[in-house]
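A.B. asks: Input: one structure, supplied below.
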Amino acid sequence: MEIELTPALATEALQSCGVGGQAVWAERLDGGVSNLTWQIGRDDDLPVVLRLERKVGIFQPYDVRREARVMRCLEASPIPVPEVLGEQGADSPLGAPYVVLSWMPYPHMGMAPMTPAVTHNYRTMVQAIHSLDWRQYGLEFLDPPPAGHESALRDLDAVRARAVAFNCHHVHLIAEIGAILNQHLPDSPEARLCHGDINVFNYLVGEDGSIAGVVDWEQANLGDPLSDWGLITALASLKGLNAPPEDHPLAAPAFERSGRDAHDLRYWMLHQMYKLAVIHRIWSEIGDAPPWYSWADVERVSESALMYLGE
């Protein structure tokens with residue numbers, strides 16, 4: 001989907017969902033293949049964020065209003081999330097559903113000094129998400145899977161569907177990992193709230209080193225909390241960290257407290273590499289810019305993850 005969000009069109013979009021204000025500029029915030037996101041400056045009020053739903057991309061099928069519903073539920077929780085200011089369905093002035101969110105004026109962890117305090121606060125925030133009583137905050141609509149294999153199987157099915165849609169399911173590495181994952185499914189505990197993308201770029205840091213905001217909830221789900229920690233170990237490995245996932249500094253303390261077997265975290269690291277391999281193929285095909293990691297990186301980390309799981 002290509003759209004030029006001019007100030008006039010942005011103003012129409014804001015007024016259409018009851019947010020109001022005269023837009024004076026709109027700056028695109030992402031260059032990948034997730035939901036299209038802009039920061040919109042207004043002449044008489046604070047800037048806001050507009051997220052427009054894509055039809056095709058790495059996380060299809062997209063549902064930006066589902067993401068908004070998650071954040072509305074979390075507004076009353078201890079998790080700091082953007083406020084949902086307005087939303088529109090498919091008949092919107094932009095031709096697709098969108099939501100308007102409050103702007104959180106903090107740098108993400110990739111822009112802040114990675115001090116021990118920031119690292120600790122990041123881990124603490126992710127654990128707070130996992131520990132949240134999701135029933136209390138009305139998140140049952142996320143359809144919790146039963147304990148056992150279902151959490152992993154649901155996500156595998158979703159990733160496979162994307163691989164088939166973009167005709168990359170026959171790529172040898174993708175097919176190999178998918179088959180191996182089916183043979184090593186973890187016994188997940190009762191479902192917990194998972195952010196779905198605990199990439200450090202989605203965690204905003206306050207001046208005191210606290211986590212002042214958690215953004216990008218499009219992949220939020222009720223599932224296995226080790227899926228989140230498996231993702232951060234996969235991402236860290238793509239960036240050069242070479243260690244079994246249970247030894248990764250961001251994930252290790254939470255994993256140790258979980259009392260789970262190392263097999264489960266190793267499974268989730270490989271599971272997330274499977275997802276990142278598919279994402280690389282889709283991103284390379286339709287992205288606005290090349291992926292930040294190479295296919296050689298995917299092969300390197302996948303080989304390590306396969307070795308860890310086989311030990």
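A.B. asks: Within the chain, what is the longest stretch that has no trypsin sites (Lys or Arg not before Pro) placed in a DSSP loop and near at most 12 other beta-carbon atoms within 10 Å?
C.D. replies: Value returned for the longest uninterrupted segment is 136-238.
A.B. asks: Would you mind working out the magnitude of the charge dipole of the range 1-101 relative to its Cα centre, with +1 at each Lys and Arg C-beta and -1 at each Asp and Glu C-beta, to the nearest 20 Debye?
C.D. replies: Details: 9 positive and 15 negative charges, 75 e Å.
Dipole of the range 1-101, to the nearest 20 debye: 360 debye.
A.B. asks: Projected area of the range 45-181, taken from the Cα convex hull and averaged over every viewing direction, in nm²?
C.D. replies: Over all viewing directions, the range 45-181 projects a mean Cα-hull area of 11.9 nm².
A.B. asks: If Lys and Arg each add +1 and Asp and Glu each add -1, what is the summed charge of the other residues whose beta carbon sits under 10 Å from the beta carbon of Ala220? Don't skip to the end; give the middle numbers.
C.D. replies: Working: positive: Arg66, Arg69; negative: Glu67, Asp197, Asp216, Glu218.
Net local charge, Ala220 excluded: -2.
A.B. asks: Where the only charges are on Cβ atoms (+1 Lys, Arg; -1 Asp, Glu), what is the dipole of the chain about its Cα centre, to the nearest 20 debye?
C.D. replies: On the way: 22 positive and 42 negative charges, 56 e Å.
In total the dipole reaches around 260 debye.
A.B. asks: Then there is this: Calculate, for the chain, the solvent-accessible area per residue in square angstrom, rolling a 1.4 angstrom probe over the heavy atoms of the protein chains.
C.D. replies: Accessible area per residue, the chain: 43 Å².
A.B. asks: On to the next question. Calculated from DSSP H runs of 4 or more alone, at -39500 (n - 2.57) each and per residue, what is the 222 nm mean residue ellipticity of the chain, nearest 500?
C.D. replies: Numbers: 9 runs with 127 residues, N = 311.
Mean residue ellipticity, 222 nm, calculated: -13000 deg cm²/dmol.
A.B. asks: Which of the helices in the chain, when you take each full DSSP H run, stretch at least 18 Å along the axis at their Cα atoms and have an average Kyte-Doolittle score of -0.5 or higher? Before the final figure, lay out the partial values.
C.D. replies: Working: long enough: 116-131 (22 Å, -0.29); 150-165 (22 Å, 0.01); 225-238 (21 Å, 1.04); 262-286 (36 Å, -0.07); 295-310 (22 Å, 0.14).
Span-like helices in the chain: 116-131, 150-165, 225-238, 262-286, 295-310.
A.B. asks: If the convex hull of the alpha-carbon atoms of the range 249-305 is projected onto planes in all directions, what is the mean projected area in square nanometres?
C.D. replies: Over every viewing direction, the Cα hull of the range 249-305 projects on average to 4.6 nm².
A.B. asks: I would also like to ask the following. Semi-axes of the range 136-207's equivalent ellipsoid from the Cα gyration tensor, sqrt of 5 times each eigenvalue, largest first, rounded to whole Å? Show your work: numbers first, answer last.
C.D. replies: Working: eigenvalues 142, 74, 31 Å².
After scaling each eigenvalue by five and taking roots: 27, 19, 12 Å.
A.B. asks: If DNA, RNA and ligands are ignored and the probe is 1.4 Å, what is the ranking of Thr11, Thr115 by accessible area, most exposed first?
C.D. replies: On the way: Thr11 10, Thr115 55 Å².
Descending accessible area places them as Thr115, Thr11.
A.B. asks: Here are a few candidate values for Cα extents along the principal axes in Å: (i) 60, 43, 37; (ii) 68, 52, 38; (iii) 76, 44, 37. Which one was actually calculated from the structure I just gave you?
C.D. replies: Label of the calculated value: (i).
A.B. asks: Another question, if that's okay. Using the charge dipole of the chain (Lys, Arg: +1 at Cβ; Asp, Glu: -1 at Cβ; taken about the Cα centre), state which of Ser237, Ser304, Phe201 has its Cα farthest towards the positive end.
C.D. replies: Positive-end residue among those listed: Ser304.
A.B. asks: Any idea of Glu299's accessible area? Nearest 10 Å², probe 1.4 Å.
C.D. replies: Glu299 has an accessible surface of roughly 90 Å² with all protein chains in place.
A.B. asks: Report, to the nearest whole %, how much of the accessible area of the chain belongs to carbon and sulfur atoms, 1.4 Å probe, protein only.
C.D. replies: The nonpolar share, carbon plus sulfur, comes to 51 percent.
A.B. asks: Compute the signed sum of charges (Lys and Arg +1, Asp and Glu -1) over the other residues within less than 11 Å, Cβ to Cβ, of Cys168.
C.D. replies: Charge balance in the 11 Å sphere: +2.
The values are calculated or read from the model by the stated rules, or taken from the named source; none is laboratory data. Everything numeric here is computed off the predicted structure, so don't read it as measured data. Don't worry about glycine lacking a Cβ; one is built from the backbone with ideal geometry, like all the others, and counts go over all protein chains shown. The protein model used for the area step is the full one, side chains on, heavy atoms only, and it has no ligands, DNA or RNA in it. Shrake-Rupley method; radii C 1.70, N 1.55, O 1.52, S 1.80 Å.
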